[in-house]
Each structure stands twice: as C-alpha cells, then as structure tokens.
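Report on the following structure.
A short reminder: the numbers here are calculations on the coordinates, not readings from a lab. In this text the structure is predicted, and so the values were computed from the model without any measurement. Note that each Cβ is placed from the backbone with ideal geometry, even for glycine, and that neighbours are counted across all protein chains shown.
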Amino acid sequence: MNVGDSLIARKLTRARTQLLLSQPFFGTLCLRLKLITGAVPTMATDGQRIVYDPAFVNSLQPAELEAVLAHEVLHCALGHHCRRGQRDPRLWNEAADLAINPLLVANGFLLPAGALIDPAFDNLGAEEIYARLLQKNSGSFGGQQTQSPQPQSSGGSAASPQHGSPRQEPPKPGPDNQLVPQEEGSAETSGGGTPSPRPGGFGEVLDATTEDGQPASEAEKSRQQHEWNIAADQAVRSAKACGHEPGNLDRSLSESRETKQDWRTILRDFIAARTPSDYRWNPPNRRYVASGLYLPSVEKAGLGAIVIGVDTSGSIGEHELEQFAGEISAISGEAQPEAIHVVYCDAAVQSSQQFVPSEPIDLEPKGGGGTDFCPVFEWVEQNGIAPVCLIYLTDLCCHSYPPVPEYPVLWVTDSRRTAPFGETVRISVD
C-alpha cells in the first residue's frame, strides 16, 4: 500500500468511526461491509463489500463521505442488491437512489452535490419508483422507448477517473450488474481507468454474489436479504439504546420484509371465490373412485357479470395493461362469466368495452386527465349492472372514493398504497 492509499484508508476509517458515534444504526451496519479498492467510478456495494475509487473518496469532504457510506449501507439494509430481478441495472440504481436519498437527508446527512432527489417519489419504494421511471421513458399506452432519464448533476460529486495507478484484478460492474475481475488492459472506461460515473449517482448497488464472487441464486439472495433484515433490526435496537434512533426508516425497513405474493394467484382466487358451485353425486368425484371411495363432485356454474375499471390518468403503463389483460383473458376462459365490462376512467368515464366468455381481451384505453374513482361505480349503477365483483387497475393516486358498494371490489395496483375498502393486491412488472 502506497502513501496515497494509506491516507485514503485512514480517511475511510475515520468516516466509519464517526458514523458509529453520531449515526450508530448506519455505523454498525457499515462494519459488515469490507472496504476494497476497485475500478468503479465512485462506490458500489454487492451486500458483502463496498468497492471504492480512491480518487472519488479523496474528492469528498468528511461529511459527504459519511453520507456516501450510509447510502451504500441503506441499499443493503433495504435489500436492493437482492431485489432487482430482471430490471434494467441503471434504471434500478436510479430508482433505488430516489428511494433512499430523502431518508438520508431526513437523518441529517450531507449528500454530495447532484444527488438524485425528487419530491414526486417521496415515501415510495424502489420497485414503485422504477415502474414510474420506466413508464415515463416508454410513455403511457404505447409510447416509444426512450433513454433512461438523465438527472442533471452539479458536477461536484463525481471524481475524475484515476489514471496510472496499477491494481491487481480490481473488480468492476459486469454486464449482469455484478462485480467481476477486470482483465488486464481493459479499456471499458471513460479514459482507460474506471467506468464513467452515472449522472447524479455516487454509490451504486450491484447484484448479490456468493462468497466466491459468483452470481447468487434466488435462494441465496433470499438468505442474504433475511440476514440483512436481522442485522438492521439489531442495529435499530442498538441505536435506540444509544439515544440515536434513525428517523423515518421504520416504513422502508418493514416494506423490505413484506412477503411477496403472486398477484396473479390472488386475482384468480378472488374471482374463483365468486364462482357459484354445488355438490352432486352423479358423476362422483373421480379423484377418489380408484380408492373405492364414492364422494360427491363439485359442480361449478358460470359467473355473472364482472366489471373492470382501468385508470387511464396516465398512471398505469402499457406493460402493466398487457399483463393484466392477459391474466383476465385466461381467467375468463376458466370462470365463464356472463360478460366482462371494461370501463376506462380518468376524472370521468371515457369509454367502455364488453367481452363475452372466452373472448380474448384487448384493452383499448382512452383518457389521460385527472383521477376520480367514483365515476366507474356510478357507471355500473346507471347501466343497471349487478356485478359479482369489480376489479380496478390503478395506482391509487386519488382520494375520491365512492361509498362502499354491495359487491366485492379488488384494487390491483403497482403502488404500495392501500384502498380504504375492498382488497388491494400489488401487481409487479415482469
């Protein structure tokens, strides 16, 4: 280790020590992460290590360095390294930054200049913000894909790439958003040293890996996230004992622990529960005949009408609509409803469609104004429809709800909000 590296190492040690003293929640968790140098533009973590560029660390003021370390810690505490799935790595990083940076500010950290903060995303999780950014890039209802948003940076937070400093197999972000050894002589950088920094980004989150650096399996990701959940709980208790309880983190930490249920299964179960059924002895239940048992079989009759409300205020993107329509088509073939009425509504009902049983559902949304949930329920009453259930696809960004109807309601949403009545299920973009 040369003199410069030694000074950088001491700077990092001082920053971690200060975190322990002033922000024990972040300081305790930071000790779980090994600090190593690497060919990254700023910092990056995979849940086991924090990889940093010495030039970037050297460019930061002590308070900024503490904030960047806390930023990486919060990525891990919220399981961002285990939750990306098939999402675009760059856009996932932007979404994760927008989710945690306001929390860091609320806890008194001084973020580097140009940090990604947007009040429009306050109190939203990374998945929900990602869906919003993706929709913004694609445009509502069939727009063309554009490049990822490029938040403007003031230029003071990202250091210039370091040149001429040889290192042995420094890691760098690979194509799968993981740390892989850099081949000697590699030039995939902004000048031959390190990759170009992401505008507004000063601490990346990479995908989880095993101890030997291989991509983590889903089971391993689940194990690592569980371990971080436990560590975060312990760190919260420790910080409380020191009189330094972190602020505004309870909701984010609890949401990261939520059991993820398949929205398709919930949707099917919701409709299946409305399907009339009865028992009959002729024919008997074939499942048990071979065992010499004659038990009644279940006879299912067709459903009545189903009403589907679609929020066309611009809050639901084309991809969510495609998934939703495909699932409703499949369920229609199984449940054989009398009819499916699809009602498109923003601040008012804009149009409607009607589908017969087993007919493929091709949604043709119209609208784009504000949001009001009442008109769909009023449309049902005005058209004399007595639905067996109503399913509403929306982001729940509205407080105008009708009186609770007599029929069951299922709200399908890509947000973390919950409707005041009925059941709420969260759709996830594949």
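Worth pointing out:
- Ranked packing of 68-81, 373-386, most packed first, by mean Cβ within 10 Å: 68-81, 373-386
- Prolate/oblate/rounded call for segment 316-430, Cα gyration tensor, a/c under 1.5 rounded: rounded
- Along the axis of the charge dipole computed for segment 65-119 (Cβ charges of +1 for Lys and Arg, -1 for Asp and Glu, origin at the Cα centre), the listed residues LEU103, LEU91, VAL73 are led at the positive end by LEU91.
- Only Lys, Arg (+1) and Asp, Glu (-1) charged, at Cβ; segment 381-430 dipole about Cα centre in debye: 160 debye
- Sequence ranges 130-137, 207-214, ranked by mean other-Cβ count within 10 angstrom, highest first: 130-137, 207-214
- 5 angstrom amide H check on CYS389, placed H, neighbours 5+ away: VAL307
- Close amide H pairs (under 5 Å, H built 1.01 Å from N) link ALA339 with ALA305, ILE306, residues at least 5 positions away or on another chain.
- Segment 217-232 - phi-based ³J(HN,Hα) in whole Hz, Karplus 6.51/-1.76/1.60, Gly and Pro as x: 6, 4, 5, 5, 4, 4, 5, 5, 5, 5, 5, 5, 4, 5, 4, 5
- Label-point gap, in nm, between GLN61 and SER351 - each point 7 angstrom along Cα→Cβ: 5.5 nm
- Built amide H within the under 5 Å cut-off of GLU204, gap 5+: MET43, ALA44, THR45
- Note on VAL404/LYS240: beta-carbon distance plugged into 1/(1 + (r/R0)^6) with R0 of 30 Å gives a FRET efficiency of 0.15.
- A Förster radius of 22 Å combined with the Cβ-Cβ distance from HIS226 to LYS34 puts the calculated FRET efficiency at roughly 0.65.
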